[in-house]
Each structure stands twice: as C-alpha cells, then as structure tokens.
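Undergrad: Submitted below is the structure of interest, expressed as structure tokens.
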Amino acid sequence: MAGRSRESIFTLQFSMSALAVKPLTRQELYERMAETSRDEVILEEMIRFGFWPAQGEVPFDPADEIRRRGELHRALDELRAEQRKLGDEAKLRKEARKKRLLESRRKQQETIVRRETERIERATQWQEKKSKEIGYLGAGVSAGLDNKEANVERLQRYNLPRFDDAASLAQAMGLTVGALRFLSFARKTSKTTHYVRFALPKKTGGVRVISAPMPRLKAAQHWVLQNILQPVELHEAAHGFRPQRSIVSNARPHVASSVVINLDLKDFFPTLDYRRIKGVFRALGYAEATATILGLLCTEPEVEKVELDGETYYVATSARHLPQGAPTSPALTNILCRRLDRRLLKVAEEMGFVYTRYADDMTFSTKQEQDSKQIGRLLHRVESIVAHEGFCIHPTKTRIMRSASKQDVTGIIVNDKPSIDKATMKRFRAVLFQVEKDGPIGKQWNHSRDVLASLRGFANFIFMVDPAKGAAYQRRVGALIDKYDWKPQPLPYQKKTKPVEPPAPQPVAQRPWWKLW
C-alpha cells in the first residue's frame, strides 16, 4: 500500500514536470547523443525533468562516473580520429601542403601590399626631396653637392646674394628645382642639347664655331650675369665686355707709342674649364653645392652629333669649359684674369710699359725707346706669369710693332690717334659706292650674305672710333636701308629650335679661340 502510494506520487510528479518542460524531438536527441553519449543524455534529461539532482548537489554522485566515462569516450574518439589521420600519410601531406600554400599565399599578399605601400612612400618622399634638393648632377661633378656651407663674409664683401640650398637658388632665378637640375645636369651622352652651334667666318679665313644657349638656359645665364658676376669689381686693365669700355678704350692708352707689343692667349676658352669656373664661384663665397650648380650652368663640353637607329645623340668630346656665345663667358674670363692683370700690370710698370687686355689679347706699349734685350726680358717675365696662371701664349701671334711701322691694337691703328686701317676704309668706301650705284644684290662685305647689315655694322664701328667721320657713313648707309626697305634677319639659332649645322661645308680645322673684333 505504501509502495503503491510512492509510485503514484512519482508518476504524478513526472507528469507535472513533463507538462512544465518542453520535451526534445527525436532528431535533437540523436544529435545530442552523437555529440556526447546515450547515458549522458539520459542523465541530463533526468536532471532536466527533476528526477536526478544537479551536479554538485549530492556528495559522491554516481552520475559523475557516467560523465567521466563520457569524457574518456570522447578523448578516445579524438585519439582514434588523429590516429586515422596519421595513418593516412598521403592525406596528411596533402593537408600540410595545403596549409603551407595558404600560409604562403597569405604572406605573399601581405608582402605585396607592404612593398607597394613602401614603394609609394619612397616615391612620394623622393619626389618631395627632388622638388627641394639636388643630390646628383652627373658623374664626376656631384661630390660636393652635400656641402652647403657658404662664406658669408666674402658674399657680403662682394655684395652678392646668399643661397642656402638649391631650392633658394632656383626660386631666385624663377625656376623650379627640377628645371634647374635639367639645365645644369652633366651627361657624356644625351638626346638633348642646351646649345645651338653654328659657324661664323673669320677675317683671317676659316670659321669660328659659336655655341649659342637655348632660351631657357640663356635666361638663367643672364640672371647669373646680372646678379652674381656684374657686381664683382674687375681690374682696370680689362677692357673687354665691360660697360663704357670697348676696343677703342683698350687701344687709346697705346696711342703714339715707341713700341707696341701684342700677345694672344692660346685656346683661351677651352683652357677655362669647369674646375676653374667652379673655383670662381667658390672664391666669391658660395658653398660648394651652389658653386657646382653655377659652374655647370656656365660651362659646356664640345659635342659631336651622332645618328643611331633613328635617334640623335650628342656625345661629349672634351671636358666642360666656357662656351663662346654664352652671356656669362666674357664676365667669367674677366674675373678669372684679375690676378693675371694685376701681376702683368705690376711687371709693366716696373719696366716702364703700359698694359691693357681685351679678352685674350694682351697689349704692352711704351713711349720710351726700348732695345731688343729689354723687350725680351719683358716677354720672358710675361710668359712666366701667364704659364703660372694656367694659360699659354700663342707662339705665332706675338707681334712687336715699332713707331716706324703700322701699330694696331685690337683692330685700331694707334700710331698717331685711334683710327681704322686705310686699306680697310678704302675697301669699305668702294663697296658702299657700288651698293649706292647698283643696289645690294650680288654685293658682299666681310663675308656676310646680308651686305646692308654688314655695312651698317661697320659704319657704327667707324663712328665708335671717329664719331665725326662715322656719322657721315651712318647717314649714307641709313639712306640705303630706307631705300631698299631692309629688315634685320634673325640669327641662325633664332630660326629653329633644333640645332643647325654650320653653314661652312669644311670642318673646323682647329679649336675655337676668342676674338671679337
């Protein structure tokens, strides 16, 4: 009776619990049994329905054995699965390769992204650096670009502008750093050239090759001339390419002399190479980096034009030196020759002579009678000083002219007064008369194809030497210009942007030298 009552109570409690808790579906029971074990599921359900106390409520709970057994079965299942994997070596290797491949691809992708990011950062930094600095300008000339220490005291002494880096120099010149780099870069072989080279006939025969800078470089050189070179004080003996000075002012101190001695410096412009030009800017107080850029802007090697596979190349055939035709070249020669002029003037004064220089022409004269021995001593001392200054006297162009013969200095006759050679004046009058009579067609003066331009230039030259006589010739030439409606013709390098070949068919026989008279 009592047992039956307990069974009824248990059944009632189970029924009430079943109504209170939602039963699991069969599928859910199967999934839970697959994850754990049958006994564990029954135990959990009994606990859920209240037929067994929860874990930890009963000391030495027999259900702990069921749970422990389930854990052991699961561990054994994992070991068996691992054993099956280890037993299949081919499958294991395949999975290992697959993992390595996936890891490798992941790392490769990371590396690609990292390198691309680094490349973009480096490119950005490099472009930013290039926009502000110049670190390389060619082989053999870039060593001092890191030296930016200027001699401020010297710059102030010469009243010259100071530049702390390439960016400040470019800004002052109205250029970008990239444009300044392009104009000053030194290459042995290049597809571009900053100069147009053409030939002009010389009075003594042959041609003189002129290197005319392109507009951008010419503008930069004009800036250097006006802001750096012109403020530098020159020696009084220098008469070439200076305001208020000319071949006439160079010749006037030698008028009515007993002896006039003319000497010529051999290969004047090629002698003044890049190293010496850079030294000029260093001596003015500029840092080596700035002097390097300025020296490259003002120098250029002789080049040979080469055609290869349809491309035009300009190959350097000499070291960089002052080009004939650059606006900076004459001023640089005068600055470089300051010490030479000072030393030669001292020797001349000690020996009773007067000294002047126009470009590469040096002239000594004296109103006192001098024997050959005294003249020889002067020439010996002059030659020694010239050699010490890094120049060389042309061996075939030294002339000693006494008062009994015609004495000329840079094309000006100086026997009695500054004048022009009589034979030259006779030829000029003859050509001028022929043009007035028959017109300019077929006429020529001084090897020029434009006879009216040549006549006008020579009339101006006469006016510079003798204003009274020159004014009359200027009026006559002016009348011809008005009559034939003459217009100035552009220079060869103004017609085309590409280099033109020299008009003379024969090659230049010797290296060019400077003579502008």
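The values are calculated or read from the model by the stated rules, or taken from the named source; none is laboratory data. What you see is a predicted model, and the numbers here were worked out from it, not measured in a lab. Quick reminder, even Gly has a Cβ in these numbers, built from the backbone with ideal geometry, and neighbours come from all protein chains shown. Ligands, DNA and RNA are excluded from the accessible area calculation, which covers all protein heavy atoms including side chains. Shrake-Rupley method; radii C 1.70, N 1.55, O 1.52, S 1.80 Å.
Undergrad: Just checking, which of Thr124, Thr111, Thr117 is among the polar types (S, T, N, Q), assigned to a helix (DSSP H, G or I), more than 36 Å from the chain's Cα centre (by Cα) and exposed (fewer than 12 other Cβ atoms within 10 Å of the Cβ)?
TA: Values: Thr124 fails: more than 36 Å from the chain's Cα centre (by Cα); Thr117 fails: more than 36 Å from the chain's Cα centre (by Cα).
None of the others qualify; the one that does is Thr111.
Undergrad: How many residues, within segment 424-452, are in contact with a helix residue (DSSP H, G or I) (Cβ under 7 Å, 6 or more places away or on another chain) and hydroxyl-bearing (Ser, Thr, Tyr)?
TA: 1
Undergrad: Does Ala143 count as touching an Asp or Glu at 6+ places or on another chain (Cβ under 8 Å), closer than 16 Å to Lys278 by Cα and outside any helix (DSSP H, G or I)? Show your work before the answer.
TA: Details: touching an Asp or Glu at 6+ places or on another chain (Cβ under 8 Å): no; closer than 16 Å to Lys278 by Cα: yes; outside any helix (DSSP H, G or I): yes.
Taking the combined requirement at face value, the residue does not satisfy it.
Undergrad: With the condition kept exactly as written, say whether any residue in segment 409-419 is without any contact (Cβ under 8 Å) to a residue 40 or more places away in the chain and under 28 Å from Ala199 (Cβ atoms). Before you say what the answer is, go through the steps one by one.
TA: Just the residues of segment 409-419 that are without any contact (Cβ under 8 Å) to a residue 40 or more places away in the chain, to begin with: 413.
Filter once more, so that each one left must be under 28 Å from Ala199 (Cβ atoms): none.
Checked against the condition, which is being without any contact (Cβ under 8 Å) to a residue 40 or more places away in the chain and under 28 Å from Ala199 (Cβ atoms), segment 409-419 yields no hits at all.
Undergrad: On to the next question. Mind listing whichever residues of segment 180-230 are free of Cβ contacts under 8 Å to residues at least 60 places away in the same chain, polar (S, T, N, Q) and assigned to a helix (DSSP H, G or I)?
TA: Gln226
Undergrad: Let me ask something additional. Just a yes or no: is a residue in segment 141-158 under 13 Å from the mean Cα position of the chain (by Cα) and of a type in the set (S, T, N, Q)?
TA: Yes: one or more hits.
Undergrad: Considering each residue of segment 237-261, count those that are open to solvent by 30 Å² or more (accessible area, probe 1.4 Å) and over 24 Å from Ile375 (Cβ atoms), and give that number.
TA: 5
Undergrad: Yes or no: Lys148 part of a helix (DSSP H, G or I) and surrounded by 12 or more Cβ atoms within 10 Å (Cβ to Cβ)? Can you show your working first?
TA: Details: part of a helix (DSSP H, G or I): no; surrounded by 12 or more Cβ atoms within 10 Å (Cβ to Cβ): yes.
For Lys148, the condition - part of a helix (DSSP H, G or I) and surrounded by 12 or more Cβ atoms within 10 Å (Cβ to Cβ) - is not met.
Undergrad: Run down Asp416, Asp408 and say which single residue is of a type in the set (Asp, Glu), open to solvent by 40 Å² or more (accessible area, probe 1.4 Å), under 30 Å from Thr366 (Cα atoms) and modelled with pLDDT of 90 or more. Before the answer, list the steps.
TA: Details: Asp408 fails: open to solvent by 40 Å² or more (accessible area, probe 1.4 Å).
Of Asp416, Asp408, the one residue that is of a type in the set (Asp, Glu), open to solvent by 40 Å² or more (accessible area, probe 1.4 Å), under 30 Å from Thr366 (Cα atoms) and modelled with pLDDT of 90 or more is Asp416.
Undergrad: Residues of segment 262-302 being surrounded by fewer than 21 Cβ atoms within 10 Å (Cβ to Cβ) and either among the acidic types (Asp, Glu) or in contact with a Pro (Cβ under 6 Å, 6 or more places away or on another chain) (or both), which ones?
TA: Asp264, Asp267, Asp273, Glu288, Glu302
Undergrad: Please indicate, with yes or no, whether at least one residue in segment 409-431 is among the hydroxyl-bearing types (Ser, Thr, Tyr) and in a loop (DSSP other than H, G, I, E, B). Spell out the reasoning first.
TA: To start, the set of residues in segment 409-431 that are among the hydroxyl-bearing types (Ser, Thr, Tyr) comprises 410, 419, 424.
Now drop any that are not in a loop (DSSP other than H, G, I, E, B), which leaves 410.
Yes.
Undergrad: Residues that are more than 30 Å from Leu145 (Cβ to Cβ), at least 3 per element: which helices (runs of 4 or more DSSP H) completely within segment 293-399 meet that?
TA: Values: elements: 329-336, 338-350, 372-388.
So the answer is 338-350, 372-388.
Undergrad: Name the single residue that is nearest to the chain's Cα centre (by Cα) among those in segment 458-471 being open to solvent by less than 40 Å² (accessible area, probe 1.4 Å) and without any contact (Cβ under 8 Å) to a residue 40 or more places away in the chain.
TA: Going residue by residue through segment 458-471, those that are open to solvent by less than 40 Å² (accessible area, probe 1.4 Å) are 458-459, 462, 465, 470-471.
Right, trim to without any contact (Cβ under 8 Å) to a residue 40 or more places away in the chain and you get 458-459, 470-471.
Numbers: Phe458: 40, Ala459: 43, Gly470: 47, Ala471: 48 Å.
Looking at the filtered set, the residue picked out is Phe458.
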